[in-house]
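See below for the structure under consideration.
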Amino acid sequence: MYNITVIPGDGIGKEVIKPTIDILETLNTKFDFVYKDAGKECYEKVGSNLPEDTINEAKNSDSILFGAVTSIPQQKSAIVTLRRELDLYINQRPIKSYTDDNIDFTIIRENSEGLYAHMEEDYGDETIAFRKITYNGCQRIIKYAFEYALKTNRKQVTAAHKSNVLPLTDGIFKDTFYNIAGDYENIKSNDYYIDATAMYLVTNPERFDVIVTTNLFGDILSDEAGGLLGSLGLIPSANIGEKTGLFEPVHGSAPDIAGLNKANPTAMILSSCLMLEYLNQQEEADLIRNAVEEIIKEDKIKTPDMGGNNNTQEVANAILHKL
Ligand code: NAI
Ligand code: MG
């Protein structure tokens, strides 16, 4: 029995969590789901977008499933704070197309520092955001990227950075990358500037196997990868630290479609597969992923973001039916 904290959040976060839990409940693996609040609606109710009680429950669970939250002006982001509170320094985002063999790579994004360190200062007519890059932060994420490549039989790790303009912060990142690459003889290593990476992602996605990058760059590249696959509603993610893991879709709360029952649940459902793998439930993860893959390949039941007319529940039902 696994203890799972479920944080549905706002907007389509809530809409994609529900069918995901329904799917998990059909498995042989058993879960105790404990629901906790975070996000904008939570802020409006209790005056905090990330109550202590949510953080404590998350810290004491085996894993966390997170929908999405709507940001609130002047408030620190609930998800960024939660990642930091739990020291989830790895953000792993597999980008795999089930219809185009050229697209199959994983973005490994540093998840705890960079421009997301919540260090902004107001100097009156000047505001400054600090970009924090540490040796330790670079080492642990880059080492993870190479270990991930080894474990998943990937052939190459690419570093994406901007060391021409940021010679100190991204200089550390690039130097650390090649220092660590030296320990992995059987894995190819190369690097591109982030702007070129963004272009190659569209023109030559087959160039990529594992991409390791800093926080903001990884955030931008993963939404771009959503465009490459045809919808942001297809990309799952794992946030991993030494003690626990939080699994969430790459997308946000999508206020433009919230409440319309149109959200594609695939990203959230595939995020639960990453959770199952993290909990060593590989067979169960494969079961769900194969069902999702079949539905996508059949190309019949799909939400509007994929060019279809089906709603969230119909896609979930199709997956449940396969299971
Ligand atoms: P978004 O990811 O919510 O939406 C971007 C676009 O993709 C929208 O057109 C949306 O309709 C579409 N989309 C996203 N997920 C979809 C799905 N599952 N099915 C179909 N279409 C989908 O990003 P946006 O609009 O920039 O931000 C909305 C809110 O979400 C903001 O308050 C933002 O701060 C927050 N956000 C939260 C995140 C999190 O909780 N981890 C991550 C990203 C944004
Ligand atoms: Mg993002």
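The values are calculated or read from the model by the stated rules, or taken from the named source; none is laboratory data. As the structure is a prediction and not an experimental result, all values here were calculated from the model. Positions of Cβ are backbone-derived with ideal geometry, glycine not excepted, and every protein chain shown enters the neighbour counts. With ligands, DNA and RNA removed, areas are computed over all heavy atoms of the protein, side chains included. Shrake-Rupley method; radii C 1.70, N 1.55, O 1.52, S 1.80 Å.
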Along the charge dipole of the chain, which of SER222, THR5, ILE211 sits closest to the positive end, that is, farthest toward it, with unit charges on the beta carbon of Lys, Arg, Asp and Glu (+1, +1, -1, -1)? ILE211
Surface/4 estimate of mean projected area, convex hull on alpha-carbon atoms of the range 1-95, nm²: 6.9 nm²
Ignoring ligands, DNA and RNA, please state the percent of accessible area on the range 278-323 from carbon and sulfur, probe 1.4 Å. 43 percent
Suppose each label sits 7 Å from its Cα in the direction of the beta carbon; what would the ASP62-GLU126 distance come out to in nanometres? 5.3 nm
Sum -39500 (n - 2.57) across every DSSP H segment of at least 4 residues in the chain, then divide by the residue count to get the 222 nm mean residue ellipticity, nearest 500. -12500 deg cm²/dmol
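What whole-number value in Å² describes the accessible area per residue of the chain for a 1.4 Å probe?
That works out to 46 Å² for each residue.
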If you filter the range 253-323 for trypsin sites (Lys or Arg not before Pro), then keep DSSP loop positions with at most 13 other Cβ within 10 Å, what is left? LYS300
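Which percent of the accessible heavy-atom area of the range 105-170 goes to carbon and sulfur, probe 1.4 angstrom? All intermediate terms of the calculation are to be shown ahead of the outcome.
Numbers: 1870 of 3510 Å².
Exposed carbon and sulfur together represent 53 percent of the surface.
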Based on alpha-carbon centroids, what's the gap between the range 191-221 and the range 120-166 in Å, whole number please? 13 Å
Can you compute the equivalent ellipsoid semi-axes for the range 49-177, i.e. the square root of 5 times each eigenvalue of the Cα gyration tensor, sorted largest first and rounded to whole Å? 27, 23, 15
The percentage of the accessible area of the range 33-79 (probe 1.4 Å, all protein chains present) made up of carbon and sulfur atoms, to the nearest whole number, is 42 percent
How high is the relative contact order of the range 226-312, in percent, with contacts defined as C-alpha pairs under 8 Å that are six or more residues apart? 28 percent
How are the alpha carbon pair distances in the range 169-323 distributed across 10 Å bins from zero to the largest one, expressed in percent? 9, 31, 35, 19, 6, 0
Convex hull of the range 80-127 built on C-alpha atoms - directionally averaged projected area, nm²: 5.4 nm²
Nitroxide proxy distance, nm - points 7 Å out along Cα→Cβ at TYR184 and ASP87: 2.2 nm
With only alpha-carbon atoms in the gyration tensor, what are the semi-axes of the equivalent ellipsoid for the chain, in Å, largest first? 30, 25, 19
Let me have the relative contact order for the range 44-165, percent, based on Cα pairs under 8 Å that are six or more residues apart. 15 percent
Pairs beyond 30 Å (Cα-Cα), from LYS30/LYS243; LYS59/LYS162; LYS14/LYS162: LYS59/LYS162; LYS14/LYS162
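In the range 126-225, which trypsin sites (Lys or Arg not before Pro) fall in coil by DSSP and have 13 or fewer other Cβ atoms within 10 Å?
Loop-located and lightly packed - LYS155.
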Alpha carbon centre of the range 244-323 versus the range 56-80: separation in Å? 20 Å
For the range 75-162, which GluC sites (Glu not before Pro) pass both filters: DSSP loop (anything but H, G, I, E, B) and at most 16 other C-beta atoms within 10 Å? GLU126
On the principal axes of its Cα set, how long, how wide and how thick is the range 132-235? Give whole Å, largest value first. 36, 32, 21
Unit charges on C-beta of K, R, D, E only; dipole of the chain, Debye: 360 debye
Quick one: grab the alpha carbon gyration tensor of the range 241-295, order the square roots of its eigenvalues as a ≥ b ≥ c, and give me rounded if a/c is under 1.5, else prolate or oblate depending on whether a/b is larger than b/c. oblate
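Over the chain, what is the relative contact order in percent, taking alpha-carbon pairs closer than 8 angstrom and at least six residues apart?
Relative contact order comes out at 21 percent.
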